[in-house]
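Worksheet for the structure shown next.
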Amino acid sequence: MVARFSAFAPALLAAHAREVAQGARQARLLEEKLRLERTVAMQDKRRSRAAHDLRTPLMVIKGYVDMMIKGTGGPLGAQAQRYLERIAKVAADQKELIDRRLSPPAPGLDDLRPVLTHAFAPRQGRAAPTLSLPAERTVPVRGARADWELLARTLAKGTVGAVAVDVHLGPAPEASHWLLRVRACPGAALTARTEAVLRQLARRLGGTLAVAVEPRLEVTLVVPGDDAFPVPAHR
């Protein structure tokens, strides 16, 4: 019995050493997690402060411009009126940009390509579609993963039975937007329910949806990209 315990001793010591090392690793990971949480909280405070500091002068400018446009400071000529309206528009655009860039980050999808690849994968009753996806970079987009997965599955199911399906993903003509286009062979069509679900998902993702039937089914979705990752210019 002693001989058997002696034979198992190295294995027991090695297991104990692994447990100790694993415990130390868990402690380091917990410490790193707490450090990252503190860093994120500090960055959120800085972002909120920066947004406030940038919005304040814009709101002051907008307030005075609005009063001048209304004639509070006296009558204005047509040219001065146009200048003030232009200043008001630029201030509003700048505020929208600040709100979009410095607002708390919303959960998004790191890469749309795997979601499309999985949804349109060849299955029984479906021919292999033609996928044209960016190969040189990821495609991060706004919106929850669950919404994107549902949209991709709905598109895939809506074109089941089509002999040929072409899926294209690339930069949209609109700056900082992505274009997703699904084309099916002539004769394919979406049901009214499927189209309604797609339109609802497109609105939820902040995009627009267009559906054409002739000369063949074509579904086009244009969605905003992630501000942290610039969308390449449309060619």
task: Answer yes if at least one residue in segment 14-33 is closer than 30 Å to S176 by Cα, polar (S, T, N, Q), in a helix (DSSP H, G or I) and not assigned by the TED database to the domain that holds G206, and no otherwise.
output: no
- line: Among (1) over 30 Å from D226 (Cα atoms); (2) open to solvent by 80 Å² or more (accessible area, probe 1.4 Å), D53 falls short only on (1)
- request: For segment 172-185, indicate whether the set of residues that are modelled with pLDDT of 90 or more, in contact with a Phe, Trp or Tyr (Cβ under 7 Å, 6 or more places away or on another chain) and surrounded by 14 or more Cβ atoms within 10 Å (Cβ to Cβ) is non-empty.
  value: yes
- prompt: Does V160 satisfy being modelled with pLDDT under 85, open to solvent by 70 Å² or more (accessible area, probe 1.4 Å), assigned to a loop (DSSP other than H, G, I, E, B) and not acidic (D, E)?
  reply: yes
message: Regarding segment 142-156, can at least one residue be identified that is among the acidic types (D, E) and in contact (Cβ under 8 Å) with a residue 24 or more places away in the chain?
response: yes
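The values are calculated or read from the model by the stated rules, or taken from the named source; none is laboratory data. Because the structure is a prediction, the values reported are computed rather than measured. Every residue, glycine among them, receives a Cβ derived from its backbone with ideal geometry; neighbour counts consider all protein chains shown. Surface accessibility is based on the protein's heavy atoms, side chains included, excluding ligands, DNA and RNA. Shrake-Rupley method; radii C 1.70, N 1.55, O 1.52, S 1.80 Å.
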